[in-house]
Amino acid sequence: MTKQERAEMYQSFLASEGNTPKIDNDGDVAFKFEGGNYYILVDDKDEAFFRLAYPGFWEIESEEERAKVIEAALHATAQTKVTKVFPVRDNTWATIEMFCSPPEVFQAVFHRCLTALRAGVVSFQEKMRE
């Protein structure tokens, strides 16, 4: 399955779930969920790799805050199944990364992935507010 075919598969699935997904210029699938902008990042070379991302959900405004972001990201990643939380430049991202073979099997776990991703973000935010 090509990158384009996988993007279209993700787009079709999200549309069937009531979302209005779009394939962006990079070939990734963008959609909104609970007020946030999410992406399914489609890998060029690895058709089994599935990555759901919630980019830029927490802006890092200082180097002092960056240290706290790193601590909170480590905490959230350790506390939440499959979720990775990490800084990217001056923002914070959360992702779910796994292998789905064949690629269509992502559908069976997609809602659980969204729930885990949100749990990781909440864990991060709670730690930041301590």
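The values are calculated or read from the model by the stated rules, or taken from the named source; none is laboratory data. Worth saying up front: this structure is predicted, and the values here are computed from it rather than measured. Cβ sites come from the backbone with ideal geometry, for glycine too, and all protein chains shown count toward neighbours. We work out accessible area using only protein heavy atoms, side chains counted, and drop any ligands, DNA or RNA first. Shrake-Rupley method; radii C 1.70, N 1.55, O 1.52, S 1.80 Å.
Residues in the range 97-117 that are touching a strand residue (DSSP E or B) at 6+ places or on another chain (Cβ under 8 Å) and charged (D, E, K, R): E97 alone. In the set (1) without any contact (Cβ under 8 Å) to a residue 12 or more places away in the chain; (2) buried (at least 19 other Cβ atoms within 10 Å of the Cβ), the condition left unmet by E130 is number (2). Yes or no: T80 touching a Gly at 6+ places or on another chain (Cβ under 7 Å) and crowded, with 18+ Cβ neighbours inside 10 Å? Yes, satisfied. Inspection of the range 95-111 identifies no residue that is among the acidic types (D, E), free of Cβ contacts under 8 Å to residues at least 12 places away in the same chain and open to solvent by 50 Å² or more (accessible area, probe 1.4 Å).
So, in the range 1-35, of the ones that are among the hydroxyl-bearing types (S, T, Y) and closer than 21 Å to A48 by Cα, which residue ends up least open to solvent (accessible area, probe 1.4 Å)? Residue satisfying both the conditions and the ranking: Y10. Any idea which residue in the range 36-48 is nearest to A119 (Cα to Cα), counting only those that are open to solvent by 30 Å² or more (accessible area, probe 1.4 Å) and not polar (S, T, N, Q)? Restricting to residues being open to solvent by 30 Å² or more (accessible area, probe 1.4 Å) and not polar (S, T, N, Q), the top hit is Y39. Close contacts from the range 49-69, counting a first residue that is among the small types (G, A, S) and a second that is open to solvent by less than 30 Å² (accessible area, probe 1.4 Å), with Cβ to Cβ under 6 Å and a gap of 6+ residues or different chains, come to A53/T95.
Taken together, the residues in the range 2-48 that are touching a residue at least 24 places away in the same chain (Cβ under 8 Å) and on the phi > 0 side of the Ramachandran plot amount to 2. Among all residues of the range 77-84, there is none that is under 20 Å from N19 (Cβ atoms) and either modelled with pLDDT of 95 or more or not aromatic (F, W, Y) (or both).
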